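**Q** Following this message is one structure expressed as structure tokens.
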Amino acid sequence: MTVCVLHAAAEMFPLLKTGGLADVVGALPPAQSQLGTDARVVLPGFPAVLAGLADLEPVADLGGAFGAGNVRLERGVLKPHGVTVYVVRADPFYDRPGNPYMDAANHPYADNDRRFALLGWTAARIATGADPAWKPHIVHAHDWHAGLAPAYLRAFERSGAPHVASVMTVHNLAYQGTFPASEFGALQLPGDFYAMEGLEFYGHVSFLKAGLYYADRITTVSPTYAREIQTQAHGAGLHGLLQTRTHDITGILNGVDYSIWSPSVDESIASKYTAAKPGSGKSKCKAALQERMGLAKDDDALLFGVVSRLTEQKGLDLLLSAVPDIVQRGGQLVVLGTGDPALETGMKNAAAAHPGAVAVELGFDETLSHSIIAGSDIVMVPSRFEPCGLTQLYALAYGSLPLVHRVGGLADTVADSSLENLADDLATGFVFDTFDRAGIVGAIRRAFALKARRTDWKAVVKRAMGQNFGWEAAALAYAEVYQGLLGP
Ligand code: ADP
């Protein structure tokens, strides 16, 4: 039997991306297709989504819902992989400026609850026959935006629809989609769903809790994060519920789409290079990056790179406290990011204080992100918490050694260049244990120390580039989760 899966999500690369979620939703379905699964995606009809799909055609009229006017279901194809994408066409909800969640002034849209309820509801409608030509066996909801999908499936089942299995994947427990209780009435769900045994969360409606409560299985994006979220320290108030579901939770590491993130095929970097011979190609990328960012052109300066959302999660305040330690040792720092105004200002101040050694670009720039991953010697991901993290995986592929905090997916994917790991041929980067200045500075000093030992440095770069985090392993692990729901 061909397993049919419908992914419900708010973002999908290359159509629309604000973070790692988009990379996952862009790469997992084609990897699943390779294994013989019929994996499709449903997305809100944001302008960028409509513009990026080929062969868009109407599938069904879904009637009026959530005050969005007449909602239509359309279907198109995302080339080059050929993934089928359903689009929820509700222009009053989705045809707006700004990013998918916020207006141009960075304020969340006031009707986000209804905008994303419509996504979950449409996924459940597709699962119960809205497309006469296709029906999924499993609805796979991603993050709070799609968190109501399992709740609608349960509600439809109550009204006589057949059971359709659901999986909820948590990409980041910190984003929960909570809304005032007064909004519950607008969600078209049975009244008793607003309960502790349901989607109520401390007097609010929580979309993520709905997904965690009503889905048949829960996955998250690394084994360590799967354990962490069941603890009070990292459970963001949901650890109690997650503990009751411990046997339904699986941690599956995200993968890397090596057709996009590989220095041997990357068209957007200054010079391609391979693991067998990174030397001169990687140096050219470094020189091009130094030039582009206005840094001193010095191949010997250890270049630290950051590509990140500028939010508290990412630990960049800690990095700012360590900038003098980088610069005093002759190192350089380049940062690409956007987000929290205080962090943006902090970054700009650091660049002004250290001209030629620290350079910052505020904004979201896909091409520059590749240049930084390729041109840096070290890529820093000092996150307070990190469900999986993709940039450290990209960094490994480009032989740019990741420097990370030992937490979540970072702990699962990077091995520190300690003496014992070097001796046992395990080291792939730098890992610090305590989230404080001493911790990060210790790792920075290890990076300088390793750079001074040319042979060891080269060996670690080679080992980093040899790591395989391809999507196939993740696709197989998800297939096992599906199998557990559908039986042999
Ligand atoms: P998160 O999803 O929490 O933002 P991940 O590490 O999982 O973190 O994924 C981040 C993704 O977003 C990566 O593909 C990274 O390259 C990209 N990214 C983050 N900030 C920027 C930016 N300012 N410009 C371009 N790409 C960015």
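**Q** Of the residues in the stretch 389-408, how many are within 7 Å of the ligand (Cβ to nearest atom) and either under 12 Å from Lys314 (Cα atoms) or hydroxyl-bearing (Ser, Thr, Tyr) (or both)? Step through it out loud before you land on a result.
**A** Narrowing the stretch 389-408 to residues within 7 Å of the ligand (Cβ to nearest atom): 389-391, 394.
The next check asks that each one be either under 12 Å from Lys314 (Cα atoms) or hydroxyl-bearing (Ser, Thr, Tyr) (or both); those that pass are 389, 391, 394.
Summing the residues that are within 7 Å of the ligand (Cβ to nearest atom) and either under 12 Å from Lys314 (Cα atoms) or hydroxyl-bearing (Ser, Thr, Tyr) (or both) in the stretch 389-408 gives 3.
**Q** Tell me which of these Met380 doesn't satisfy, since it passes every other one: (1) touching an Asp or Glu at 6+ places or on another chain (Cβ under 8 Å); (2) within 14 Å of the ligand (Cβ to nearest atom); (3) open to solvent by less than 20 Å² (accessible area, probe 1.4 Å).
**A** Result: Met380 passes all but (1).
**Q** Limited to the stretch 104-139, what total is found for residues that are more than 17 Å from Leu43 (Cβ to Cβ) and either open to solvent by 50 Å² or more (accessible area, probe 1.4 Å) or not charged (D, E, K, R) (or both)? Break it down into steps so the answer makes sense when it comes.
**A** Residues of the stretch 104-139 more than 17 Å from Leu43 (Cβ to Cβ): 104-108, 110-111, 113, 128-129, 132-133, 135, 137-138.
Okay, now just the ones that are also either open to solvent by 50 Å² or more (accessible area, probe 1.4 Å) or not charged (D, E, K, R) (or both), so 104-108, 110, 128-129, 132-133, 135, 137-138.
Residues meeting the conditions: 13.
**Q** Right, Ala374: hydrophobic (A, V, I, L, M, F, W, C) and open to solvent by 10 Å² or more (accessible area, probe 1.4 Å) or not? Steps first, answer last, please.
**A** Values: hydrophobic (A, V, I, L, M, F, W, C): yes; open to solvent by 10 Å² or more (accessible area, probe 1.4 Å): no.
Taking the combined requirement at face value, the residue does not satisfy it.
**Q** So, one more: Give me a count of the residues in the stretch 10-46 that are of a type in the set (A, V, I, L, M, F, W, C), assigned to a helix (DSSP H, G or I) and within 11 Å of the ligand (Cβ to nearest atom).
**A** Initial filter on the stretch 10-46 (of a type in the set (A, V, I, L, M, F, W, C)): 10, 12-13, 15-16, 21-22, 24-25, 27-28, 31, 35, 39, 41-43, 46.
Pick out the ones that are also assigned to a helix (DSSP H, G or I) and you get 21-22, 24-25, 27-28, 31.
Going one step further and asking which of them are within 11 Å of the ligand (Cβ to nearest atom), we end up with 21-22, 24, 27.
The qualifying residues number 4.
**Q** Follow-up question, since we're still on this one. Can you find, within the stretch 294-316, the residue that is farthest from the ligand (Cβ to nearest atom) among those that are surrounded by fewer than 24 Cβ atoms within 10 Å (Cβ to Cβ) and part of a helix (DSSP H, G or I)?
**A** Only one residue tops the list, namely Glu312.
**Q** What do you reckon, is Leu212 in a helix (DSSP H, G or I) and either open to solvent by 40 Å² or more (accessible area, probe 1.4 Å) or not basic (Lys, Arg) (or both)?
**A** Working: in a helix (DSSP H, G or I): yes; either open to solvent by 40 Å² or more (accessible area, probe 1.4 Å) or not basic (Lys, Arg) (or both): yes.
Yes.
**Q** Here's another thing I want to ask about it. Looking at (1) hydroxyl-bearing (Ser, Thr, Tyr); (2) out of contact with any Lys or Arg (no Cβ under 8 Å at 6 or more places or on another chain); (3) more than 16 Å from the ligand (Cβ to nearest atom), which one does Tyr94 not meet, given that it meets all the others?
**A** (2)
**Q** Also, I was wondering about something else. Consider only pairs whose beta carbons are under 9 Å apart and that are at least six residues apart or on different chains; among these, list those whose first residue lies in the stretch 25-40 and is touching a residue at least 60 places away in the same chain (Cβ under 8 Å) and whose second residue is charged (D, E, K, R) and not in a loop (DSSP other than H, G, I, E, B).
**A** Ala31/Glu472; Gln32/Asp38; Gln34/Glu472; Leu35/Glu472; Arg40/Arg75
**Q** Name the helices (runs of 4 or more DSSP H) wholly within the stretch 398-488 that hold at least 1 residues that are surrounded by fewer than 13 Cβ atoms within 10 Å (Cβ to Cβ)? Can you show your working first?
**A** On the way: elements: 408-413, 419-423, 437-451, 454-466, 471-486.
In the stretch 398-488, 419-423, 437-451, 454-466, 471-486 are the helices (runs of 4 or more DSSP H) which contain 1 or more residues that are surrounded by fewer than 13 Cβ atoms within 10 Å (Cβ to Cβ).
**Q** In the stretch 170-204, how many residues are in contact (Cβ under 8 Å) with a residue 60 or more places away in the chain and assigned to a strand (DSSP E or B)?
**A** Here is the first cut: in the stretch 170-204, the ones in contact (Cβ under 8 Å) with a residue 60 or more places away in the chain are 170-174, 176-177, 179, 183, 186-188.
Filter once more, keeping what is assigned to a strand (DSSP E or B): 170, 179.
Total meeting the criteria: 2.
**Q** Could I ask something else about it? When you go through Phe184, Phe193 one by one, which is the residue that is away from the ligand (no atom under 16 Å from the Cβ), farther than 13 Å from Arg154 by Cβ, at pLDDT 95 or above and in the same structural domain as His137 (by TED's automatic domain parsing)? If you could, list the steps in order and put the result at the bottom.
**A** Details: Phe193 fails: farther than 13 Å from Arg154 by Cβ.
Phe184 is the lone residue from the list that is away from the ligand (no atom under 16 Å from the Cβ), farther than 13 Å from Arg154 by Cβ, at pLDDT 95 or above and in the same structural domain as His137 (by TED's automatic domain parsing).
**Q** Residues in the stretch 231-244: is at least one of a type outside the set (Val, Ile, Thr), surrounded by 22 or more Cβ atoms within 10 Å (Cβ to Cβ) and in contact (Cβ under 8 Å) with a residue 60 or more places away in the chain?
**A** The answer is no; no qualifying residue exists.
Results for (1) assigned to a helix (DSSP H, G or I); (2) open to solvent by less than 50 Å² (accessible area, probe 1.4 Å), shown as yes or no for each residue.
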{"residue": "Glu344", "(1), (2)": "yes, yes"}
{"residue": "Lys348", "(1), (2)": "yes, no"}
{"residue": "Ala352", "(1), (2)": "yes, no"}
{"residue": "Leu368", "(1), (2)": "yes, yes"}
{"residue": "Arg384", "(1), (2)": "no, no"}
{"residue": "Pro387", "(1), (2)": "no, yes"}
{"residue": "Leu396", "(1), (2)": "yes, yes"}
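**Q** Looking for whichever is closer than 19 Å to Cys285 by Cβ and surrounded by 23 or more Cβ atoms within 10 Å (Cβ to Cβ) here; the options are Leu319, Leu333. Which one fits?
**A** Being closer than 19 Å to Cys285 by Cβ and surrounded by 23 or more Cβ atoms within 10 Å (Cβ to Cβ) holds for just one of Leu319, Leu333, which is Leu333.
**Q** Would you point out which residue out of Leu43, Leu35, Leu28 is assigned by TED's automatic domain parsing to the domain that holds Ala110, open to solvent by 40 Å² or more (accessible area, probe 1.4 Å) and under 18 Å from His140 (Cβ atoms)? Break it down into steps so the answer makes sense when it comes.
**A** Working: Leu43 fails: open to solvent by 40 Å² or more (accessible area, probe 1.4 Å); Leu28 fails: open to solvent by 40 Å² or more (accessible area, probe 1.4 Å).
Every option except Leu35 fails the conditions.
The values are calculated or read from the model by the stated rules, or taken from the named source; none is laboratory data. Note that the structure is predicted; figures quoted are calculated from it, not measured. Every residue, glycine among them, receives a Cβ derived from its backbone with ideal geometry; neighbour counts consider all protein chains shown. Each accessible area value is taken on the protein alone, full model and side chains, heavy atoms only, with ligands, DNA and RNA left out. Shrake-Rupley method; radii C 1.70, N 1.55, O 1.52, S 1.80 Å.
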